[in-house]
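One structure below.
The values are calculated or read from the model by the stated rules, or taken from the named source; none is laboratory data. Just so it is clear, the model here is predicted, and its values are computed rather than measured. Cβ atoms come from the backbone with ideal geometry, glycine included; neighbour counts cover every protein chain shown.
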Amino acid sequence: MNSPREINRELFYSHRGICPFCNKGGESIHSHALVDCDTLPGANWHKVEKVWECSCGWWEYYFYSYINGERSWGMKDWELTVNSGMLREFEIGSCSIPIEILRNYIQKNKNKIYDIHHKKMEELVGSIFREHFNCEASVVGKSSDGGVDLVLLESNKPTIVQVKRRTRPDKTESVKEIRDLLGATLLQGSKSSIFVTTADHFSSDAINTRNKALTKNLVESFELYDFGRFCGLLDLHKKDEVKRWVKMLQLPSNTKA
């Protein structure tokens, strides 16, 4: 077993900012140093603070200080604090992944949307639409839902939403899907529909059928969101991540938090 002196020496002299998971240096996010000449009369209090982050989610916080003076101040004349953290890992296709974590991940890795669970896709769409349309969004998605995955409620007017998480981008949404959603919308007594898919396009017949439904006033609105259009909404509603190390900071500096 290492002695406390050996442990302290290993901690003090070890390389900082190296991600143990990726085995590479993290990006320096925060770095500041100062000499406090006012707090302790007759002494200089040196303080150094740094934070590194890795793209995998790992981070390290480092704070070191020491007092250079000719007398004792009834306190330790040096201090070293090191904290690090790692985001919990989730399988991208898991049903248990929290929606905010999934949302942040997909915003950075949009092509991974084909791998998420279809139920989480419904929750993801609900999360984005709730903000975009400033409305209530309820996930329905049951075997007996009749083609309804989400219901948006704005000013007591329901919008029926169908969500299709395809496993590959080159899928074409057919006219059958549009007709099914139109029928479900009318049966629900609604005049608004939204079809969301991870496919990269709708067939020309699907688009023409949507247009006919609007022209004949069967519905008041019928929006089609393919992969590209939905990803545009994802970018529009990006949220700043809360950096857990921010609350540890003791020295002021411009950071990327």
Identity of the residue in the stretch 233-249, exposed (fewer than 11 other Cβ atoms within 10 Å of the Cβ) and at pLDDT 80 or above, that ends up nearest to the chain's Cα centre (by Cα): D235
What is the number of the single condition among (1) within 16 Å of T185 (Cβ to Cβ); (2) surrounded by fewer than 16 Cβ atoms within 10 Å (Cβ to Cβ) that K119 does not meet? (1)
Residues in the stretch 185-192: is at least one in the same structural domain as F133 (by TED's automatic domain parsing), of a type in the set (G, A, S) and buried (at least 16 other Cβ atoms within 10 Å of the Cβ)? yes
Only one of W73, W78 is in contact with a strand residue (DSSP E or B) (Cβ under 6 Å, 6 or more places away or on another chain), under 30 Å from S31 (Cα atoms), modelled with pLDDT under 75 and not β-branched (V, I, T). Can you tell me which? W78
Consider the stretch 173-206. How many of its residues are touching a helix residue (DSSP H, G or I) at 6+ places or on another chain (Cβ under 8 Å) and not charged (D, E, K, R)? 15
For the condition more than 30 Å from V51 (Cβ to Cβ) and more than 30 Å from the chain's Cα centre (by Cα), what is the one hit in T215, T167, T159, T172? T215
Among the residues of the stretch 148-161, is there at least one that is modelled with pLDDT under 95, farther than 26 Å from L187 by Cβ and not in a loop (DSSP other than H, G, I, E, B)? no
From the list I106, I92, which one is assigned by TED's automatic domain parsing to the domain that holds I160 and among the aliphatic types (A, V, I, L, M)? I106
